[in-house]
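Rule-based calculations on the coordinates, nothing more; no lab input. Here the structure is a predicted model, which means the values were calculated and not measured. Reconstructed Cβ throughout: ideal geometry from the backbone, glycine too, with neighbour counts over all protein chains shown.
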Amino acid sequence: MLQSPRPTVYIETYGCQMNVSDTELMLGKLTESGYESVEQPDGADVILINTCAIRDHAEQRVIGRLGEMKSRMKRDAVLGVTGCMAQRLGSQLLDRARHVSLVIGPDSYRDLPLLIESARSGIRTTATEFDLEEHYEDFTPRRFDGVKAWIPVQRGCDYRCTYCIVPTTRGPERSRQLAEVVRETESVVSSGISEVVLLGQTVNSYFDGQHDFADLLRAIGNVKGVRRLRFTSPHPNDFSAAVIRAMAETEACCEHVHLPMQSGSTRTLKRMLRRYTRERYLECVDKLRKAIPNLALTTDVIVGFPGESEADFEETLSAVELVGFDDAYTFKFSLRDGTPATRFPPSDTVSDEIASDRLARLIATVRAGSRERNLKLLGERREVLVEKSARRGGLLQSRTRDFKTVMIPGDVSSIGRYLSVELTGTTGSTFIGKVVPQRIALPLAV
Ligand code: SAH
Ligand code: SF4
Ligand code: F3S
């Protein structure tokens, strides 16, 4: 008897690492249920767009992409929208796009195979309930990255930053059991991966009922074979003394923290409901730097938040200079429906022209600072982990423990290896490196 070919599934991912990790879970579940994963939407039986809702721009890209799919998908294909935009818009998406037949929020991936089956028989569904127990523990993720593993340790968020849609799209905060995270780490290490990145919206507020983030760092750092341990994103208020001590004492823990600042003005931070002041943020930076020598710091900053004055913005610039960030992700404020920021009076709105101007000035300040820091590192040696082929120049892209990108010559057989490199040049943000042969201790002649 002829065996019918396996149905194919294509997933396209937008947004943060949490979404990338969710795509890995969905692909794991679907391949286990008999689907074959493909790299292109054309001809696929199932197309899923895993979406982000963080800024309007992110949603517009998805809307455009959904329109494009209309002409690219084959006639009987199932098109589904998953992720944060699915959660935010729910059945509105089904009304707006007739060729979409599934809308599935981040807590409903468990039923994915069933929902796809019913969509294939013509039933259009929305699944957007939050499930406070859901961690997809029994899913085996299908990882794309063979060098580092993203491990979700917490879902949702209990903060209520006034600009942010995430609490609406991801629901309340919940942490996985420490033992489960250890188990997943062990399995990742046994597949040859030695760098793990713990994921959560405010990852250092992790608490599984018994263990906090300090316990988690120590436990994961102790898993044999974990050579590099990172986490993202922490909240400044959740850097307890115990967490900082655990970072300093856990050898695998890398000398880099991504510490979202959002603004350097206490007045703006208050209106953002970030729950810290400029001074407390700077104190947090000091504590981290005292405990961890040569710590690299990166951040997120928003400009043009409602009511942000020129003086507030200048405080952001001065905080960026004072801290000396190694890099920063910079964003123009985007008003999201349903967030508390919609309640500020229209007179607080910062015009797009002013916001664009501030963004350009902020980027220039960040670049000048990181260039100055990076120039000072030239000539130094670093251990790098080779991540992938670089897009240009036949080079490889590698990373230091302190999160610097170093381009080095070499061939793909080096991917996944640790090498010693000398930093020989910098574009200001990334480095060019020369591989330095490791000195091998030879036994003395007798
Ligand atoms: N949980 C993380 C942030 C996740 S969102 C944290 O608290 O640090 C990633 C970044 O997007 C945020 O740090 C913020 O800088 C930016 N962001 C979130 N909402 C935004 C909005 N409405 N407009 C512009 N930028 C936004
Ligand atoms: Fe959004 Fe704030 Fe939660 Fe981060 S901490 S996800 S910015 S609400
Ligand atoms: Fe976007 Fe959702 Fe992540 S809104 S940034 S994909 S949590």
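Taking the fewest neighbouring Cβ atoms within 10 Å as the starting point, the ordered list for ARG174, ARG98, ARG274, ARG371 is ARG98, ARG371, ARG174, ARG274. Hydrodynamic estimate: the Kirkwood radius of segment 381-436 over Cα pairs, inserted into Stokes-Einstein at 10 °C and 1.306 mPa s, corresponds to D of 149 µm²/s.
What does the highest-first list of 419-426, 102-109, 186-193 look like by mean Cβ count within 10 Å?
The most tightly packed comes first, giving 102-109, 419-426, 186-193.
For segment 148-375, what does the relative contact order come out to in percent, with C-alpha contacts under 8 Å and a separation of six or more?
Numbers: 403 pairs, mean separation 39.7, N = 228.
Contact order relative to length: 17 percent.
Over the chain, Cα pairs under 8 Å with separation of 6+ residues give a relative contact order of 10 percent. Just how far, in whole angstrom, is segment 222-298 from segment 125-184 if you go by their alpha carbon centroids? Value for the Cα centre distance between the two parts: 21 Å.
Counted over the chain, the DSSP beta bridges are approximately 35% antiparallel. Let me make sure I get this right: for the chain, a, b and c are the square roots of the gyration tensor eigenvalues over alpha carbons, sorted descending. Under 1.5 in a/c it's rounded, otherwise prolate if a/b > b/c, else oblate. Which is it? It is oblate, given that a/c is not under 1.5 and a/b is not larger than b/c.
The mean sequence separation of alpha-carbon pairs under 8 Å and at least six residues apart, normalised by the residue count of segment 287-446, gives a relative contact order of 18 percent. Non-local lysine pairs in the chain, meaning eight or more places apart or on different chains, with alpha-carbon distances under 17 Å, amount to 8.
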